[in-house]
1. Out of the range 37-53, which residues are surrounded by fewer than 19 Cβ atoms within 10 Å (Cβ to Cβ) and either farther than 19 Å from Pro9 by Cα or free of Cβ contacts under 8 Å to residues at least 12 places away in the same chain (or both)?
2. Name the one entry in Leu57, Leu34, Leu69, Leu16 that is surrounded by fewer than 16 Cβ atoms within 10 Å (Cβ to Cβ) and among the hydrophobic types (A, V, I, L, M, F, W, C).
3. Looking at this structure, is Glu60 of a type in the set (D, E, K, R), out of contact with any strand residue (DSSP E or B) (no Cβ under 6 Å at 6 or more places or on another chain) and not in a helix (DSSP H, G or I)?
4. For residues that are within 21 Å of Thr74 (Cβ to Cβ) and either part of a loop (DSSP other than H, G, I, E, B) or in contact with a strand residue (DSSP E or B) (Cβ under 9 Å, 6 or more places away or on another chain) (or both), tally how many sit in the range 19-53.
5. Taking Gln21, is it of a type outside the set (A, V, I, L, M, F, W, C), out of contact with any Asp or Glu (no Cβ under 6 Å at 6 or more places or on another chain) and at pLDDT 95 or above?
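The values are calculated or read from the model by the stated rules, or taken from the named source; none is laboratory data. Please read these numbers as outputs of a predicted model, since none were measured by experiment. Ideal geometry is used to build each Cβ from the backbone, glycine not excepted, and the neighbour counts take in all protein chains shown.
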Amino acid sequence: IWGLLSSPPVPSVLYLLGFSQYQTRNYQDASENLKVVASQNNKQGQYAAYYLGLSYLALENLVFAANALEEAKTFALKS
């Protein structure tokens, strides 16, 4: 869907989409959208990393889940 846009989507839009997908248990799509936002070094990136970790847990991808949750925790300690 993003290939149809003339410019990349705004991170806040990706976060809201990913969070909505997480809430509706669409964990695969949620992880793809949240992954983009989780790399940001701000609060939104922290929240994205947290929900990314939970999405990976639901997908039973434990290594990726641990990494994402660790990233969310690390950001919390820095702020």
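1. Ser39, Asn42
2. Leu16
3. Values: of a type in the set (D, E, K, R): yes; out of contact with any strand residue (DSSP E or B) (no Cβ under 6 Å at 6 or more places or on another chain): yes; not in a helix (DSSP H, G or I): yes.
Taking the combined requirement at face value, the residue satisfies it.
4. Here the count works out to 4.
5. Details: of a type outside the set (A, V, I, L, M, F, W, C): yes; out of contact with any Asp or Glu (no Cβ under 6 Å at 6 or more places or on another chain): no; at pLDDT 95 or above: yes.
Spelling it out, it is not the case that Gln21 is of a type outside the set (A, V, I, L, M, F, W, C), out of contact with any Asp or Glu (no Cβ under 6 Å at 6 or more places or on another chain) and at pLDDT 95 or above.
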